[in-house]
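Data block below; observations after.
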Amino acid sequence: MEEYLKPTYFIDCEHPGIIGFVAHNVNEDQANIEKAVSLYYAVRDSIRYDPYSMEPVEKSMKASYVLEKGRGYCVAKAVLLAACARAVNIPARLGFADVQNHLNTERLKELMGTNIFYFHGFTELYLNGQWVKATPAFNLELCNNFNVKPLDFDGIEDSVFHLFDKSGNKHMEYVNDHGSFADLPWDMILVSAQKEYPKYFEDVKRRNGDFAKEALAENQ
């Protein structure tokens with residue numbers, strides 16, 4: 001399990017900011033499952049999901065950088081959760097899959113040119129002798145704006161995106177699994193994103209977008 005516990009450039013679990021965030025959200029006397037659950041909710045709700053924050057810059061995907069900014073898209077938040085887990089000696093790795101997102105805002109869909117999210121990211125934690133998937137992407141406020149049930153995590157069952165929203169409509173559908181990685185496959189993800197979303201990277205005004213407000217306006 002050594003490769004799933006050590007710090008890397010992206011999963012910088014020994015960074016003072018990460019250590020401080022972890023100390024604020026877990027107690028030393030908690031079992032690993034309790035620590036994992038606490039860290040999951042801390043990352044899910046204190047870091048704002050922002051799909052307009054993706055940048056073709058390595059530094060932007062460092063866990064400590066994501067924590068400092070207080071926002072990030074699914075992969076960034078998965079990296080942060082992995083760093084937090086490793087900081088308390090819980091083996092962690094990253095998982096990726098292409099998903100068809102049936103709940104999207106018109107602005108983001110227009111920028112992406114598709115409702116397929118390539119290399120959607122989540123975290124896998126080794127708890128009680130098994131790997132468990134945890135997806136801390138959508139914060140509670142955003143889920144409410146989209147009329148989607150917030151995704152919970154108990155440290156025992158996989159926590160992946162709900163297939164349906166509160167009204168029974170399709171939410172997300174996994175269409176391709178890219179597997180698990182001990183570290184962020186930055187080059188692979190960047191090449192895919194630039195190939196699939198050329199307009200997204202050309203439009204710098206996207207950085208001023210507010211995904212949560214868009215979701216609320218379209219789903220009232």
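None of the figures in this text is laboratory data; all of them are computed from the coordinates on show. All figures in this text were calculated on a predicted structure; none of them were measured in a lab. Because the Cβ atoms are built from the backbone with ideal geometry, glycine has one as well, and the counts that use them run over all protein chains shown.
A run of the chain free of exposed loop cleavage sites, with GluC sites (Glu not before Pro) counted only in DSSP states other than H, G, I, E and B and at most 13 other beta carbons within 10 Å, reaches its longest extent at 29-156. The Cα trace of segment 98-151 gives Rg and Dmax of 13.9, 43 Å, the first to one decimal, the second as a whole number. Just to be sure I understand the model, the point goes 7 Å from the Cα along the line to the Cβ. What's the resulting ASP29 to ASN89 distance in nm? Distance between the two pseudo-spin positions: 1.8 nm. Available extension along the chain between ILE116 and MET1 is 38.1 nm, counting 0.36 nm per residue and deducting the alpha carbon span. Computing Rg and the Kirkwood Rh from the Cα coordinates of segment 10-154 gives a ratio, Rg/Rh, of 0.96. Which part of segment 189-220 falls in the paramagnetic zone of VAL57, meaning amide N under 18 Å from the point 7 Å along Cα-to-beta-carbon? Those under the cut-off are 190-191, 194, 200-209.
Subtracting the Cα-Cα distance of GLU68 and PHE201 from their residue separation scaled by 0.36 nm leaves 45.6 nm.
Show that you can apply the helix-only estimate: for the chain, add -39,500 (n - 2.57) for every DSSP H stretch of four or more residues, divide by all residues, and state [θ] at 222 nm to the nearest 500. Value at 222 nm, helices only, nearest 500: -11000 deg cm²/dmol.
Summarising the amide proton neighbourhood of PHE119: residues at separation of 5 or more, or on other chains, whose placed amide H is nearer than 5 Å comprise ALA97, ASP98, VAL99. 3J(HN,Hα) along segment 198-203: x, 5, 4, 6, 7, 9 Hz, from the Karplus curve 6.51 cos²θ - 1.76 cosθ + 1.60 with θ = phi - 60°, whole Hz, x for Gly and Pro.
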